[in-house]
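The values are calculated or read from the model by the stated rules, or taken from the named source; none is laboratory data. These numbers were taken from a predicted model, which means no experiment stands behind them. For neighbour counting, all protein chains shown are included, and Cβ atoms are generated from backbone atoms with ideal geometry for every residue, glycine included. Side chains are part of the model used for accessible areas, which takes the heavy atoms of the whole protein and leaves out ligands, DNA and RNA. Shrake-Rupley method; radii C 1.70, N 1.55, O 1.52, S 1.80 Å.
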Amino acid sequence: MPEPIHILIVDDDQAIRDLLAEGLSDSGYCCDTACDGADGLRKMQSNGFDLVVSDIDMPEMDGVQFLQEIKRIRPDTEIIMLTGVVDVETAIQSMRLGAADYLTKPFNLVEVRITVERALEKQRLVREKWEYQKTLEAKVAERTIELSRKNREVEDLFDRLKFSYQTTLEALATALDTRDTETLGHSLRVAAYTVAVARRMGVTDPELTDIYRGALLHDVGKIGVPDAILRKPGKLTPEEWVEMRKHPEIGYRILQGINFLEAAREVVLSHQEAYDGSGYPRGLKGKEIPLGARIFAVVDTLDAMTSDRPYRRALTQQAARDEILKCSGTQFDPEVVKAFLDIPNDEWNEIHRKVMQDVMTRNLARF
Ligand SMILES: [Fe+2]
């Protein structure tokens with residue numbers, strides 16, 4: 001059974017009230033009556049009605065004021081105004097203020113019923129639209145929550161995946177380092193140093209991660225250099241140097257087809273290039289050399305000079321700084337050298353300490 005429709009009839013003329021109440025009750029509506037605006041508002045506040053039929057010309061509060069009050073307290077209510085022939089202008093004004101329609105006295109009940117039905121039909125459509133909108137908004141809100149939850153899941157998955165890649169690459173770089181006993185922790189150190197300088201130069205992810213991976217894997221191609229050359233205690237012959245100098249290209253080939261290392265691979269290929277074009281394998285100059293490789297060249301010198309060698313003790317940080325500054329503009333990119341020199345010794349010592357702790361405990365942390 002559909003909900004009954006409640007109609008309030010407000011008129012100071014009892015005959016009209018009774019006529020309307022009877023006529024509309026016959027059509028199946030639940031009717032109530034009020035003799036003036038104040039009485040009507042009281043009933044509105046306690047019961048609520050779907051539709052109000054109100055006279056315009058009433059003592060105390062007139063129909064227009066009454067209409068405005070109803071629209072304020074129950075905006076959903078439809079209102080039909082009753083007017084004398086002379087008052088059509090006021091009836092039109094009422095419609096501007098939100099009345100659904102108006103009836104001119106004298107009226108017949110058929111006319112009243114049609115007008116009431118039309119107003120209720122309009123109300124039904126408005127309510128349906130409103131319900132639809134509410135459902136839609138609720139659905140959108142629900143989907144938004146669902147979507148942000150999924151987003152967080154994907155981000156979390158991505159982070160875990162990145163961490164797995166990172167630890168795998170770090171393990172690989174450490175394994176490569178151990179082949180050459182002189183360079184324990186070298187790859188992890190230069191990778192961390194490279195990131196420090198890159199950050200100082202304003203590099204952010206994803207480029208930062210690519211640069212880190214490139215520095216970490218820079219010597220992966222040494223896997224293709226025979227032990228007899230790689231671990232030779234004495235000086236290399238010119239022929240042996242030819243072999244040794246193949247390692248950037250070997251590394252580049254090894255990493256071919258690994259999508260997530262595509263940018264890192266360029267650093268691997270270019271890590272032995274020099275700013276003035278005197279490096280290898282391609283003799284690139286200046287900005288032709290990828291930024292990661294230009295940074296790597298500087299920090300590789302820092303690491304080489306500040307690490308112990310079988311033939312000499314580690315040199316001081318200051319000695320490394322002096323040497324790097326001396327080669328600014330020739331071997332090294334001056335912008336990189338500036339960023340490098342801007343980082344205080346304490347910060348370098350701290351990075352070094354952290355990396356070596358990681359190497360020693362085999363708990364390879366991310367940068
Ligand atoms: Fe190298």
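Numerical summary
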| quantity | calculated |
| --- | --- |
| Some residue of segment 197-204 being under 15 Å from Val336 (Cα atoms), within 16 Å of the ligand (Cβ to nearest atom) and in contact with a Leu (Cβ under 9 Å, 6 or more places away or on another chain) | no |
| Looking only at segment 193-211, and only at residues there that are crowded, with 22+ Cβ neighbours inside 10 Å and under 12 Å from Val299 (Cβ atoms), the one that is farthest from the chain's Cα centre (by Cα) | Tyr193 |
| Number of the condition not met by His218 [criteria: (1) within 16 Å of the ligand (Cβ to nearest atom); (2) free of Cβ contacts under 8 Å to residues at least 60 places away in the same chain; (3) in the same structural domain as Gln272 (by TED's automatic domain parsing); (4) open to solvent by less than 20 Å² (accessible area, probe 1.4 Å)] | (2) |
| Per-region count, segment 95-145, residues open to solvent by less than 90 Å² (accessible area, probe 1.4 Å) and outside any helix (DSSP H, G or I) | 11 |
| Tally, over segment 306-322, of residues that are of a type in the set (A, V, I, L, M, F, W, C) and open to solvent by less than 30 Å² (accessible area, probe 1.4 Å) | 1 |
| In segment 221-252, the residues that are open to solvent by less than 70 Å² (accessible area, probe 1.4 Å), more than 13 Å from the ligand (Cβ to nearest atom) and not in a helix (DSSP H, G or I) | Pro226, Lys232, Gly234, Leu236, Thr237 |
| Some residue of segment 177-192 being open to solvent by 90 Å² or more (accessible area, probe 1.4 Å), charged (D, E, K, R) and either part of a helix (DSSP H, G or I) or without any contact (Cβ under 8 Å) to a residue 24 or more places away in the chain (or both) | no |
| Residues within segment 267-305 that are surrounded by 15 or more Cβ atoms within 10 Å (Cβ to Cβ), among the hydroxyl-bearing types (Ser, Thr, Tyr) and more than 11 Å from the ligand (Cβ to nearest atom), tallied | 2 |
| Pairs where the first residue, in segment 347-360, is over 13 Å from Val190 (Cβ atoms) and in a helix (DSSP H, G or I) and the second is open to solvent by less than 80 Å² (accessible area, probe 1.4 Å) and of a type in the set (S, T, N, Q), C-beta under 9 Å, 6+ apart | Asn349/Gln317 |
